[in-house]
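The values are calculated or read from the model by the stated rules, or taken from the named source; none is laboratory data. This structure is a prediction, so every number in the text was calculated from the model and none was measured. With ideal geometry, Cβ positions are generated from the backbone for all residues, glycine too; neighbour counts draw on all protein chains shown.
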Amino acid sequence: MDIVITENAAEAARTVADFFDAAVRSGAATGRPAVLGLATGSSPVPAYRELVRRHREEGLSFRGVRVFMLDEYVGLPAGHAQSYHEFIRAHFGRDVDLSDAELHSPDGAAPDVQAEAARYDAAIAAAGGVDVQLLGIGTDGHIAFNEPGTSLSSRTRVEVLTEQTRSDNARFFGSSDEVPRYALTQGLGTIMDARHVVLIAEGAGKAAAVAGLVEGPVSAFCPASVLQFHQHVTVVVDEAAAAELDHASYYRFAWENRLDSVSS
Ligand code: F6R
């Protein structure tokens, strides 16, 4: 696990964008377009802006790229402004040359959400799996919508959201009462199948969750800690989110002295 402690949000965004940029360009060069896994929430938005800038100014093309999103609320009608599908379109998809047909998300309005979950896992597998998966982390240590107590090998399924998550996400709705109670989410096992996982976290509110992820015991009660079992994870954090890491100085040293340059 590489831990990258950045000085500010712009540096974090550039670091994250570098991994996605490299995967997209290498997919184009080899004729096997990249399969990207994208997250919603506030944390990844600056990285999406940076990728859009590179598309506009540096010729980064997303033609042929396939995107699989992490999760989607259950019950919001298609096109709802707070649906995660719309979020990714608004913050990324519509500003680059990514085909709408290649922006995949679980269908939270499907009549049979359990069948939809199985279909989604199969669709990711049929695409050849995710090359680079972006994640945020919840204050309770969740990744995607895998709340504390989730099986560490779970697959895509319906999850009941905790009151903490609904209150954290109330800022996107009028109030926490308007936040849906259920979500379709990739499972921890699904996320672990990605070839490279990049997690971004900023701010003091994420410090305990980041410490649990990196240095805590692997436990279903900090779902992100399962990433300690993944062989290629990059955790990008600012100083505030790194504040509870006991070994921060070693992580800085290891990143500065890494053998390979950034590549996915
Ligand atoms: C988003 C997702 C969530 C968020 C997490 C952090 O698709 O699955 O796990 O990544 O709740 O959200 P922010 O970045 O808004 O703090």
**Report entry** Answer residue from region 149-165, given it is more than 17 Å from Ala39 (Cα to Cα) and free of Cβ contacts under 8 Å to residues at least 40 places away in the same chain and is farthest from the ligand (Cβ to nearest atom) among those
**Finding:** Ser153
Report summary line: Within region 121-148, residues acidic (Asp, Glu) and near the ligand (Cβ under 10 Å from one of its atoms) come out as Asp140, Glu147
Query - Boolean, Val235 is in a strand (DSSP E or B) and in contact with a Phe, Trp or Tyr (Cβ under 6 Å, 6 or more places away or on another chain) - result: no
Requested in this report: Could you look through region 42-92, keep only residues that are away from the ligand (no atom under 14 Å from the Cβ) and among the acidic types (Asp, Glu), and pick out the one that is surrounded by the most Cβ atoms within 10 Å (Cβ to Cβ)?
Outcome: Glu50
Query raised in the report: Within region 122-133, how many residues turn out to be of a type outside the set (Val, Ile, Thr) and crowded, with 20+ Cβ neighbours inside 10 Å?
Result: 2
Report task. Tell me which residues, restricted to region 143-194, are of a type in the set (S, T, N, Q) and not in a helix (DSSP H, G or I). Result -> Asn146, Thr150, Ser151, Ser153, Ser154, Thr156, Thr162, Ser175, Thr185, Gln186
Query raised in the report: Failed condition for Asn8, given (1) under 29 Å from Val218 (Cα atoms); (2) out of contact with any strand residue (DSSP E or B) (no Cβ under 9 Å at 6 or more places or on another chain); (3) away from the ligand (no atom under 16 Å from the Cβ); (4) of a type outside the set (A, V, I, L, M), with all others met?
Result: (2)
Query raised in the report: Quick check, is Ala117 in contact with a Ser or Thr (Cβ under 7 Å, 6 or more places away or on another chain), away from the ligand (no atom under 14 Å from the Cβ) and closer than 17 Å to Leu76 by Cβ?
Result: yes
Report task. Please find, among Gly141, Gly75, the residue that is farther than 20 Å from Ala224 by Cα and either modelled with pLDDT under 95 or within 18 Å of the chain's Cα centre (by Cα) (or both). Result -> Gly75
**Report entry** Lone qualifier among Arg181, Arg171 - being of a type outside the set (A, V, I, L, M, F, W, C), near the ligand (Cβ under 10 Å from one of its atoms) and surrounded by fewer than 17 Cβ atoms within 10 Å (Cβ to Cβ)
**Finding:** Arg171
Query raised in the report: Are there any pairs, at least 6 apart or on different chains, whose C-beta atoms fall under 6 Å, with the first in region 37-61 and at positive phi and the second within 8 Å of the ligand (Cβ to nearest atom), and if so, which?
Result: Gly41/Gly136
Report summary line: Residues of region 215-235 being in contact with a strand residue (DSSP E or B) (Cβ under 7 Å, 6 or more places away or on another chain) and over 30 Å from Ala127 (Cα atoms), in sequence order, are Gly216
